[in-house]
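Asker: Encoded as structure tokens, here's the structure I'll be asking about.
The values are calculated or read from the model by the stated rules, or taken from the named source; none is laboratory data. Not measured: the values here are computed from a predicted model. Cβ sites come from the backbone with ideal geometry, for glycine too, and all protein chains shown count toward neighbours. Note: accessible area is taken over every heavy atom of the protein model, side chains too, but ligands, DNA and RNA are not part of it. Shrake-Rupley method; radii C 1.70, N 1.55, O 1.52, S 1.80 Å.
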Amino acid sequence: MNLYLKNIKIISPEDGIDTVTDMLIVNGHISKIGNVKRIPKDTEEIDMKGKTAIPGIFDMHVHFRYPGQTHKEDLYSGSMSAANGGVTGVLCMPNTDPPIDSALIVKDIVDKTKELITDVEVSACATEKREGKKLSQLISLSDAGAVAFTDDGSPVSDPEIMRRVLEYSSQLKRPVIQHCEDMRLSDGGVINEGFISTVMGVKGIPEISETSVIARDIILTDFVKNSHYHIQHISCGKSVELLRNAKQKNINVTGEVCPHHFILTDKECLEYNVNAKMNPPLRTAEDVEQILEGLRDGTIDVICTDHAPHTEYEKNQGFYAAPFGIVGLETLVGLTYTYLVNTGIISFNDFIRKLSINPRKILNLEKVKIAEGEPANLSILNEKAKWKIDKKKFMSKSVNTPFDGFEVQCKPYCVINNDKIHFTKL
């Protein structure tokens, strides 16, 4: 595939680029940045005036439901949902059916996704069947292509098991990614424990169910030298504080947050809104403010989605029976830009760091460079475009989102990756 991108703004903090220029892509690689004198005959010319190219966005927390639940999402539909949302790479979670706890399943996913436009990385179970009782074959999983270990959807509750996972991961140079929830404390809760849960008359999930696990695991990470611990989908202000304190002590801990946790509060659950039911739950306005401060001061490293597709039938079973989770790949760019960049919480360069650069660093993946000779891995955005989120335009198999109808700014225009291009249909 040959492309000639004219008048394109390129911003790449790691490469020191912030300029409007032309770019020639030949056979999926960046051939020339700047004045292009010779263009191959079979080259498609695209005027990119008003568009901004950044290193391809990477979402390090998605659920593509393969194997076992492909009626909700599959590897192809998930890949196209990502591309439609301006995302060129993802990390799939292993809470599938069966769980991704064998090298054969890891290799199967790696093989099936080689030709997709989206780079699909795999995380594998830290423990067999995600039961938290016995370590998975971590070395074999790593050798097969797993880039991280997690029992996402469930925590590794046993401190001795977590210690051993950290020890193996430190040798394999793989991060341990933890779903921070003490199940004994959450104990069947469905939303944040507080005023709203009381008003609704439903069982709540207290913040201590998240923060107690984080506090314990930070101590374990400090004990296991050269390990790397990553906190998933932070929802509590006190979790941000724990992460900040750990970083100040030079403990190798990183963290991520999703748009729903820095935009919405548990008030969205009123009237039993199933698309506001997620785990960890939406918390309070005070938690949102503390998360925003953690984004502002750099405590929180990554913005991701926890893209969790469910069918409308599943979500409409009633508030208690409905599964946790929402889709997020096709709303990520607009929500993040609108609620963080436009409000001055983070700069556009930090937008790029938290969405593209930091996820790959944490996962020890190859850095995306915008430079001549490098593979073209680009998310191209229309920063000034204002648009309304319309779930009917999603390419995901599922449409469970609380953001349908939200007015946002910065629209994905296209992605270029793996010698392919996809123009957004949002």
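Asker: Taking a 1.4 Å probe, which of GLU256, GLU286, GLU241, GLU271 shows the most accessible area, and what order do the others take after it? Could you put the intermediate results ahead of the total?
Answerer: Details: GLU256 0, GLU286 125, GLU241 95, GLU271 170 Å².
Ranked list, largest accessible area first: GLU271, GLU286, GLU241, GLU256.
Asker: Turning to a different aspect of this structure: Give me the percent of DSSP beta bridges within the chain that run antiparallel, rounded to the nearest 5. Don't jump to the answer; show the numbers that get you there.
Answerer: Working: 30 of 59 bridges.
Approximately 50 percent, going by the DSSP bridge assignments.
Asker: Calculate the length of the line joining the C-alpha centroid of the range 75-110 to that of the range 1-51, in whole Å.
Answerer: One Cα centre to the other: 30 Å.
Asker: Filter the cross-link list LYS277/LYS361; LYS72/LYS367; LYS173/LYS361; LYS9/LYS369; LYS72/LYS112 down to pairs whose alpha-carbon distance in this structure exceeds 20 Å. It would help to have the intermediate numbers written out before the result.
Answerer: Working: LYS277/LYS361 31 Å; LYS72/LYS367 31 Å; LYS173/LYS361 12 Å; LYS9/LYS369 15 Å; LYS72/LYS112 18 Å.
In this structure, LYS277/LYS361; LYS72/LYS367 lie more than 20 Å apart at Cα.
Asker: In whole Hz, what ³J(HN,Hα) sequence does the range 30-37 give by Karplus (6.51, -1.76, 1.60; θ = phi - 60°), x for Gly and Pro?
Answerer: My calculation for the range 30-37 gives 6, 8, 8, 10, x, 6, 8, 8 Hz in order.
Asker: Give me, ordered by chain and number, the residues 5 or more places off GLY255 or on other chains with an amide H under 5 Å from its own placed amide H.
Answerer: Close amide H contacts, sequence-distant or interchain: ILE231, ASP301, VAL302.
Asker: Next question, about the same structure. Among [x] 43, 22, 19; [y] 60, 27, 17; [z] 34, 24, 21, which one is semi-axes √(5λ) of the Cα gyration tensor in Å computed from these coordinates?
Answerer: Here the calculated entry is [z].
Asker: With all protein chains present, how much of the accessible area of the chain (probe radius 1.4 Å) comes from carbon and sulfur, to the nearest whole percent? Before the final figure, lay out each step's value.
Answerer: Working: 8030 of 16860 Å².
Using a 1.4 Å probe with all protein chains present, the chain comes out at 48 percent carbon and sulfur.
Asker: Once you sort the root eigenvalues of the Cα gyration tensor of the range 73-203 as a ≥ b ≥ c, which label holds: rounded (a/c under 1.5), prolate (a/b larger than b/c) or oblate (the other case)?
Answerer: Numbers: a/c = 2.45, a/b = 1.26, b/c = 1.94.
In terms of gyration-tensor shape, oblate.
Asker: Provide the per-residue ³J(HN,Hα) series for the range 40-52, in order, calculated from phi with Karplus coefficients 6.51, -1.76, 1.60 and θ = phi - 60°, each as a whole number of Hz, with x at glycine and proline positions.
Answerer: x, 4, 8, 9, 7, 9, 10, 7, 9, 4, x, 9, 10
Asker: I'd like to check one number: the per residue accessible area of the chain, probe 1.4 Å, reported in Å² as a whole number. Write down the numbers at each step before the final one.
Answerer: Details: 16860 Å² over 426 residues.
So the chain comes to 40 Å² accessible per residue, rounded to a whole number.
Asker: Is the range 24-73 best put as rounded, prolate or oblate by its Cα gyration tensor, with a ≥ b ≥ c the root eigenvalues, rounded for a/c under 1.5, and otherwise prolate when a/b is larger than b/c, oblate when not?
Answerer: On the way: a/c = 3.30, a/b = 2.48, b/c = 1.33.
Note, shape of the range 24-73 comes out prolate.
Asker: What is the ratio of the Cα radius of gyration of the range 295-366 to 2.2 N^0.38 Å, where N is its residue count, to two decimals?
Answerer: Numbers: Rg = 15.4 Å, N = 72, 2.2 N^0.38 = 11.2 Å.
Ratio of Cα Rg to 2.2 N^0.38 Å: 1.38.
Asker: Work out the FRET efficiency for THR70 and ASN250 from their Cβ-Cβ distance, taking R0 = 41 Å, and round it to the nearest 0.05.
Answerer: Details: r = 43 Å, r/R0 = 1.05.
Here the calculated transfer efficiency is 0.45.
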